[in-house]
Structure formats: structure tokens, C-alpha cells
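The values are calculated or read from the model by the stated rules, or taken from the named source; none is laboratory data. Keep in mind that what you see is a predicted model, and the values were worked out from it rather than measured. Cβ placement follows ideal geometry from the backbone for every residue including glycine, while neighbour counts extend to all protein chains displayed. Note: accessible area is taken over every heavy atom of the protein model, side chains too, but ligands, DNA and RNA are not part of it. Shrake-Rupley method; radii C 1.70, N 1.55, O 1.52, S 1.80 Å.
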Amino acid sequence: MDLTVTGGLVLDGGLVRPADVVVDDGRIAAVVPPGEAPTAHQTIEADGLHVLPGLVDAHVHFDEPGRADWEGWASGSLAAAAGGVTTVVDMPIDSDPPVVDADSFRAKVAAASAGSLVDFGLWAGLVPGSLAQLDAMAELGAVGYKAFACDSGWESFPPAGPGTVAAGMVSAAPRDLVVALHAEDPAVLAEEPSRPPRAEMVAVEWAARLAAEAGGRLHIVHVSAAAAVDEAARWPGVTTETCPHYLVLDDDDVAAIGTAALVTPPIRDAANRDLLWQAVTDGRVACIASDHSPCPPGLKEGDHPFAGIAGVETGLSLLLATGRLPLPRLVGLMTAAATLLRLHQKGSIAAGYDADIVLFDPDAQWRLQPSSLHNRHRLTPFTGRPMAGRVHRTLVGGRTVFADGSAASDPQGSQVRPSPAPRPPLG
């Protein structure tokens, strides 16, 4: 056996129990009662810590290739590992070129393979000009297709109207891939530039109808309006994600913080936030993702500041500090993308799964300061916020990639692809 993680409280499936985790050849070989693990080459002591499955963040913007001055795989993946995230799924939009064909997909895989500490998957861009390339990107391992119903902010990634989304559904459905949508209706935005909740609701309704007609799966990313979750819940095969910033901040916070809290869709009022929390707690929200989208600080200034928040490192401790969900439930929501995207080797501490393991102290109490962050530009709207719990060590495939506050490995992250096989049995 390669190694054993001993002395910790293992969390999986909503249970917390003393156990040792046995790792062999990058996978979990067994989870056994304390003291019953076979002899291993290495032992990692987890005394007093929780042993969590590595989190799966289905929504990050690491930008590289082409815009590594915004983020980049080295800095972004280090931030992920520091936050307990062992698998990220990168969006196709912000890199240069955007991921809209086979060549750009291969270029993103090459950049990630060279720079990432953690494992990674890629979304393929669904734009009017990429329809002929969708099958090729699926063959290269795309986890699904990502589209914008409205203007994305980049001319190179134009919006996908109903016709393009429908064509994407037709391509995705036979492969059981997900079509992910930034759901704000452009006609509503033209009438009401304040980006009201109705823009989300209208886009969800027409996209869900197209998914139903195609027999496909639709995933609404970064939902900010609780009413949009309600609309999505009316439709079979439609799932939603929300983000920590929508669950922690409200519009009064945005007014006080300024452009560091600017994001689209926007952060809404406290009443909406509470309704969004209710949707999370009652199971109508499928997963929580960061929408990690930083930029150079200068782009947060001026008349047209960039809308995006860095969050891949902070989500777990930030949300745990709210006291709204117990740790097992929160971890479940932050690993649920593994099931959504058919990354069946991820998201569980059980035999047969990848040895993606986080040693976490849930009792640590601290306040966030930018100096504690690891992404390229340490601008955050959460400065001074109370945080609960701290990551002590992160392993990916049994390899320690983060420990004691810094990187502990060379980049060795691997691409993950949707699995055609069922999830391995819990054992």
C-alpha cells in the first residue's frame, strides 16, 4: 500500500466516524476501523482533523492560455487546493482563444496539464459558430457545453439564442452531457439594464422547454434569483447551482464594499438571499460552485468595472461560518458536481474512488485577509469576514499538493472526463 491516513474523523455520505483511509496507486483501497489498516509505505497523521473528500468546483475561470495575467493554472489551482478543492471544471470563455473548437480545447488541456496542481475538467463553448465542433470536443473529454443566453462581454464568445441552445441539446442528449447556461434573457436586459430576477426566470423557462423537447439535461449556472430556482424546479432534468457570494452577501454589502463585490447576475437583497438559502437547504439547488472569476485590480475600476469574484479558495470556510448548514451537508453540496457531470471517480471517501482527500480542522476560527489568499490577484469582497474551519493538507490522487499554507508538489493535475460507467460501489 502507498499510504494510510490515520487518526482522523472520516466524513462521507453524511456520516462522521473514526477510520483510517488506505491508499494504493492513487485510489482509495479501503476505509477501515482505526488500527486495522495494512502496513503502508507512508503514514499521514490526521489526529483531531476531519478527513473530507476533495471538493469538486464545477465553475472556475482560470483564463490560461492567453490571459494568465488574470489568473492562470498555477495560481488558480494553488488557491483551489488551499480551499480543499481537488477537481476544478474550467469555463471556456475567458481564455484566448476561447474553447470553441478542437484546437482550442487541446490548447487548454495542454496549459492545464502543465500548470495545475489539481485535477481538471473542461466545458466546451456553445456558441453559434461552434456547433460543428461540439462532437469533436466531446470526444476530447468535455464535461458538457456552456452557453450564454446574453452578451458574455467577449466578442469572441457570442450569445447563444434558442436555436443554438436547441442544437447544443440535440448534440448533448445522446451522450448524456449537460448543457450549462448563463441564464439572463437579453430581451429583458434590454428593457431593464439593472439585471432583474425576471431576466433569469425568463431564460430558465425557454431553455428548460428546449431541454424537455430534446430529452436533454440543462444546468443553470450561478443562480442569484431565488425565483429562478423555483422556475427550474418545475422542469425535469433541470438543475441549478448557486455560489457562496449569493449566500453570504446582499445588496447593502455590495453598496458598502464597492466594485470588489460586482458580479453577474448581481447580488440581490437580503430577502432573496434568505429564499436562496431555503432552496439550498430543501434540496432544490443541486450544487454550490465558486464562479471563481478574478481579474487584474485595475479592471475593477473606472466606468465599466469587470464583474467577477474570486472564490475557489474561500467557499467552504465562508459558508461553514454562516452556521446555516452542518459540515457534512455543506461538503455534499460542494462535491455534488461529481454526480452531475458523471465524474464518478470523484467526491467520496470510499473504496474505488480517487484518493482526493482534505484534512480539515472544522473548529478553527479566523477572519479572512487578502494576504492569506493564493490566487494571482488577492482582491476579495470577503475581507474581514469570519471564517470557520481551515484546510491543513490536500491530497490529489494520494499525492500531497498543499500543506502548511503552501504548495507541496509540482503540477501534476490530470484531465477528468465523464465516465460511461456507473459510480463505483461504496465499500
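Under the shape rule built on the C-alpha gyration tensor, where the axes satisfy a ≥ b ≥ c, segment 117-186 is oblate, since a/c reaches at least 1.5 while a/b does not exceed b/c.
Ordered from highest to lowest accessible area with the whole protein assembly present and a 1.4 Å probe, ASP12, ASP2, ASP47, ASP20 read as ASP47, ASP2, ASP12, ASP20.
Around GLY48, with a cut-off of 14 angstrom between Cβ atoms, what is the net charge of the other residues, counting Lys and Arg +1 and Asp and Glu -1? Neighbourhood net charge equals -2.
Rounded to the nearest 10 degrees, the angle from helix 270-281 to the longest Cα principal axis of the chain is 50 degrees. Rounded to the nearest whole Hz, the Karplus-based 3J(HN,Hα) values (6.51 cos²θ - 1.76 cosθ + 1.60, θ = phi - 60°) of segment 110-120 follow the sequence 5, 5, 5, 4, 7, x, 8, 6, 10, 6, 8, with x at glycine and proline. Per residue, the Cα convex hull of segment 276-365 amounts to 155 Å³.
These residues, MET137, MET201, go from largest to smallest accessible area, 1.4 Å probe, as MET201, MET137. Sparse packing (at most 15 other Cβ atoms within 10 Å of the Cβ) combined with a DSSP loop state is found for the following GluC sites (Glu not before Pro) in segment 10-73: GLU36.
In the chain, the longest principal axis of the Cα atoms and the axis of helix 197-214 are about 80 degrees apart. Ligands, DNA and RNA are left out, and with a 1.4 angstrom probe the accessible area of segment 166-251 is 33 Å² per residue. Helices in the chain, meaning DSSP H runs of at least 4 residues, each add -39500 (n - 2.57). Divided by all residues, the mean residue ellipticity at 222 nm is -7500 deg cm²/dmol. Probe radius 1.4 Å, ligands and nucleic acids ignored: give me the carbon and sulfur share of the accessible area of the chain as a rounded percent. The nonpolar share, carbon plus sulfur, comes to 53 percent. As an equivalent ellipsoid, the chain spans semi-axes of 32, 24, 21 angstrom, where each value is the square root of five times an eigenvalue of the C-alpha gyration tensor, largest first. Which of the three applies to segment 28-175, rounded, prolate or oblate, going by the alpha-carbon gyration tensor with a ≥ b ≥ c and a/c under 1.5 meaning rounded? Cα axes put segment 28-175 in the prolate bin. The distance linking segment 209-244 with segment 98-161 is 21 Å (Cα centroid to Cα centroid, whole angstrom). Taking the Cβ of ALA227 as the centre, find all other residues whose Cβ is under 12 Å away and add up their charges (Lys, Arg: +1; Asp, Glu: -1). So the surrounding residues net to 0. Taking only the Cα atoms of segment 42-107, the ratio Rg/Rh comes out at 1.13, with Rh defined as the Kirkwood radius. Note: relative contact order over segment 240-290, using C-alpha pairs below 8 Å and six or more positions apart, is 59 percent. Label reach from SER414 (point 7 Å along Cα→C-beta): in segment 334-352, amide nitrogens under 19 Å belong to 338-339, 341-352. In sequence order, segment 134-148 has phi-based couplings of 4, 4, 5, 5, 4, 5, 7, x, 4, 7, x, 10, 10, 10, 10 Hz under the Karplus curve 6.51 cos²θ - 1.76 cosθ + 1.60, θ = phi - 60°, and Gly or Pro positions carry x. For segment 171-281, just say rounded, prolate or oblate: build the C-alpha gyration tensor, square-root its eigenvalues into a ≥ b ≥ c, call rounded for a/c under 1.5, and beyond that prolate if a/b exceeds b/c, oblate if not. It is prolate, given that a/c is not under 1.5 and a/b is the larger ratio.
The alpha-carbon of LYS108 sits under 23 angstrom from the alpha-carbons of these lysines, leaving out residues fewer than 8 places away in its chain: LYS146, LYS346.
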